[in-house]
1. Taking the condition within 14 Å of chain B (Cβ to nearest Cβ), touching a residue at least 12 places away in the same chain (Cβ under 8 Å) and crowded, with 16+ Cβ neighbours inside 10 Å, does residue A:107 pass?
2. Taking the stated definitions as given, is residue A:72 out of contact with any strand residue (DSSP E or B) (no Cβ under 6 Å at 6 or more places or on another chain), within 14 Å of chain B (Cβ to nearest Cβ) and either crowded, with 22+ Cβ neighbours inside 10 Å or within 28 Å of residue B:198 (Cβ to Cβ) (or both)?
3. Does residue B:406 satisfy the criteria of being within 27 Å of the chain's Cα centre (by Cα) and within 28 Å of residue B:242 (Cα to Cα)?
4. All but one of (1) within 14 Å of chain A (Cβ to nearest Cβ); (2) within 23 Å of the chain's Cα centre (by Cα) hold for residue B:369; state the number of the condition that does not hold.
5. Could you grab me the full set of residues in segment A:66-92 that are over 14 Å from residue A:201 (Cβ atoms) and part of a loop (DSSP other than H, G, I, E, B)?
6. Could you tell me whether residue B:225 is crowded, with 24+ Cβ neighbours inside 10 Å and touching a strand residue (DSSP E or B) at 6+ places or on another chain (Cβ under 7 Å)?
7. Cβ-Cβ below 6 Å, separation at least six or inter-chain, first residue in segment B:111-123 and within 7 Å of residue B:233 (Cα to Cα), second part of a loop (DSSP other than H, G, I, E, B): which pairs?
8. Given the residues A:465, A:501, A:459, A:443, which is the only one that is more than 26 Å from residue A:418 (Cα to Cα) and assigned by TED's automatic domain parsing to the domain that holds residue A:570?
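The values are calculated or read from the model by the stated rules, or taken from the named source; none is laboratory data. None of these values were measured; they are calculated from a predicted model. We place every Cβ from the backbone using ideal geometry, glycine too, and count neighbours over all the protein chains shown.
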């Protein structure tokens, strides 16, 4: 394998990496090499910079210091660092949700006229789920009540549980979280509690610290879930949609606007406004305006508007290097500050839009919900202006793109399932599991990371699981990887699915009349939308009369990178999912913490971490986890039958 | 200077350090040496462990990597790390305040019968200050309203400013904070915002990041201030009280109970209960029960109950090494986990009391406000039980202690000032400043730290400033240092004060009939009580018709250690104080961030950091800062006079 081939399995990315080398352009992979050797202390999690006495570090070989200056041992240091990561992830996801909530409120108060309540039915469904009575109320009234309830999950002072936890999991899970004292009552409060207990001289007990982290992780889950719910109400619940993915979606004939980041409050409007401004682009000599996406903003506008996905996280620089991106509009999270210097090598305008998310030297168009369209127009204008400066000699767009069918909200999936079981749609899936037609379900989530071969983990594990009849759902940059590789097409079913999964997908596709056939991997949204697969799991668990911890449903983040991935992983385990992570988080510095997260967690929550960097081995471990749960279910069913016979 | 002499200037601590070496007992200083050389990257703030790609580090010599894998430059990395420290500090202080608020509410609801509203007058004063009308209401009703208002500072969803900021600073300062968009509206929200904006790929702009940090710092200030106010209401506003300080307060004849940590909810009750249980101690053969304090719990019970102070932060282990401490009760913050192994070398019971602040292997008595006395009794019983196991051969208590007069709440100080100006007590101080009798005021705050010679910074700078006629107030472990050294006595005035300061203190002492004379340094409380000196500064500023940024009032934390010190320092600068820090925080890795905090901050807020490890040089710089403000005030007064004459 060549050096560059070792960096990515994405042919478009590979072509651009070669181009980058030829042009002398720096990428994240180059900067990664410049950081080597990575600090062993940091990598193991045994570096503590929490007070001004250190930095302290524990010698993993037992030759140097075994305790920090305050006496903190490896397990306290590792646990404190870990839960601060979870708090970072929680803050990111929940703030995303809070911003959507505030935009909804502003709209309802008449201050954000460019928005509308796109999905009143979702508002009503959420209202019912959280125990509000929507009868006789207008969509506006219902939405306001739902939004205020969501904001209460950020501001509650009493020790009552977060609505977006209790209303979305099984009663058994709620009870477990209460029992373990990890039920959050206030999302921001849970973050603050983690920060407090991890300061110098507070909590030194690793298990206690980790439980505090799990409380924050459940707050993250609440933040994710309410974010998805409110975004669906505001912009519509996704329905199946066809588009294209990979760098080939960049059209050299058009003004190319890339939306990048996570929160679709502005990018949704940019898509609309761009359609209105086609003439201006044509006046500048372009064939029109082409909006494409990167990272999770891409997933948001792909899911709801069919906007093509250019690439996922780690390859964001490569999009700019095509020389045909006229503006890259960023909101927040996962935006490489490196984009700035890179854009300076081209005509590309880097435009930041959020007051608390700036990059020195970038254009900043302050996005205000009350003037959303105006902000969007300014941005599109900047892109058209930049297009005039584009240097055709620098344009290099790889001709690689694949068809993708996306838009599989839970609602959309249930509609498909309903084609074989109108009364209980979820039975379509449950029957297939119980009859062994499919082995179980796997959620592919998380990022991409220079520590892993780009997209390889996602795709290798997906192929292995598909071959073993595992039903695949995906979110975030994992979904981006599959979309780019063409795994979100029915062609991939033919290529990779085992006989049971093929039968299942073909039967469902036929019954539902799904145009072009169902895909191998179902795109459920951005990383904040990981609540959708949880809803699926909870529905299955309820139908099977058990908890998520009992059903054959696993999660994998083969190339986790962000603190958000750490918090999602933590709540996935807490909710009961065996959860693979393909990049080792900084826990190996403490055997105790490692044991807790990979083994003891299972005894308490049913879920646990599988830490495995080899994608093939990871796939094997995930299949074993599914097999074990299937075996256990059958075994307990058999015991039950036996017991009943005995009576 | 001998090796051990280089570690501390406290004779009791020095004696114990020698004893520790003889006995082969490990101290924080030993562990500090084991950590050397400290990691240069961490020390400079250029190590980033925020995502799972790194750890990344910037080579300070420009030979290695100049950007992280994502492209983050030194200034983004340093700023992100710095503001996460501020968020940690904010979480600690504000959670302290929130717990006091919840205890008050529980008491008002009848669930915490062991407490009482000790200071209804304070409740009324706070109510008036925050704009509530106390007329015709019972102390309970007023306290409830005040407490709910405090909790609103944690839960507000609207963009209205925190009550405990706007109601405690000048209108000019409020305006400045609004202008700079750093006014917090919700303490927990400000913490979450820092955590979000500092995650991978959000804010990369160092100035923007720092302003986010300052918003959290102001939230910290609000948390501190409401904590002080509510604690005064619950346990009484301190009034002058005499006691003793340093390890000699440990009485080998008695059962010694050490209270350590910060939040006095339990320790106040322990003090009461211990008095009731003297007989049980005597039955066990002891001469009685002796409660002493460490760290800020010590300051709390010294200020309000005259309980002796055993020692400050860095020397906490030395107290256990006396072999005469039967139980050490810890609540939260600044508790060395090292205490556990150390207590195992003695009969000492280490008792943790807060559910989210545990140490593996320690006794844990779950403190519940509804059963405060019951918890306290269990703890005192454990101490008496331990006393029976005490090994007299291991007892080694240094015969070092000094008298201390403490209890100088702002209210107490104003009463003294009123003796020379009944109508406008604060004029006593303002007149002395304006007439040049005193050069200004200095707040000594912050911790102790193995990086500095223990107590030396506090005492050296205090002597220099006193000699230069600076009025000294102190909090936290700085106050502990002065108390132990005898600087909180009138004897110290004779020994160290310059002629102006001597005259001022003697005049005031005489006029107020203060028994034994006023001390050189005024103990204003624990580190969370730093709002008291701010109130003093604001009162002076208002009387002088200006803002804190204009008056000769400086702050110094010669041996800062905790994240709380970072957040206090940040708000001190934001409020307008020239603020010395004697331990270099991890900012030197970015010249830009260093410039911002040490220079540019002054242009915006009037306050700025003075980073100086040499106490004598630091004293000189503080004096210069006072001189400059005095000169500027006179100069502008002169210009004003001139202008008026010209008219």
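1. Working: within 14 Å of chain B (Cβ to nearest Cβ): no; touching a residue at least 12 places away in the same chain (Cβ under 8 Å): yes; crowded, with 16+ Cβ neighbours inside 10 Å: yes.
So residue A:107 does not fit the description; no.
2. Details: out of contact with any strand residue (DSSP E or B) (no Cβ under 6 Å at 6 or more places or on another chain): yes; within 14 Å of chain B (Cβ to nearest Cβ): yes; either crowded, with 22+ Cβ neighbours inside 10 Å or within 28 Å of residue B:198 (Cβ to Cβ) (or both): yes.
It is true that residue A:72 is out of contact with any strand residue (DSSP E or B) (no Cβ under 6 Å at 6 or more places or on another chain), within 14 Å of chain B (Cβ to nearest Cβ) and either crowded, with 22+ Cβ neighbours inside 10 Å or within 28 Å of residue B:198 (Cβ to Cβ) (or both).
3. Values: within 27 Å of the chain's Cα centre (by Cα): yes; within 28 Å of residue B:242 (Cα to Cα): yes.
Considered against the rule, which asks whether it is within 27 Å of the chain's Cα centre (by Cα) and within 28 Å of residue B:242 (Cα to Cα), residue B:406 comes out as yes.
4. The failed condition is (2).
5. A:66, the sole residue that qualifies.
6. On the way: crowded, with 24+ Cβ neighbours inside 10 Å: yes; touching a strand residue (DSSP E or B) at 6+ places or on another chain (Cβ under 7 Å): no.
It is false that residue B:225 is crowded, with 24+ Cβ neighbours inside 10 Å and touching a strand residue (DSSP E or B) at 6+ places or on another chain (Cβ under 7 Å).
7. B:118/B:236; B:119/B:236; B:119/B:237; B:122/B:237
8. Values: A:465 fails: more than 26 Å from residue A:418 (Cα to Cα); A:501 fails: more than 26 Å from residue A:418 (Cα to Cα); A:443 fails: more than 26 Å from residue A:418 (Cα to Cα).
Of A:465, A:501, A:459, A:443, the one residue that is more than 26 Å from residue A:418 (Cα to Cα) and assigned by TED's automatic domain parsing to the domain that holds residue A:570 is A:459.
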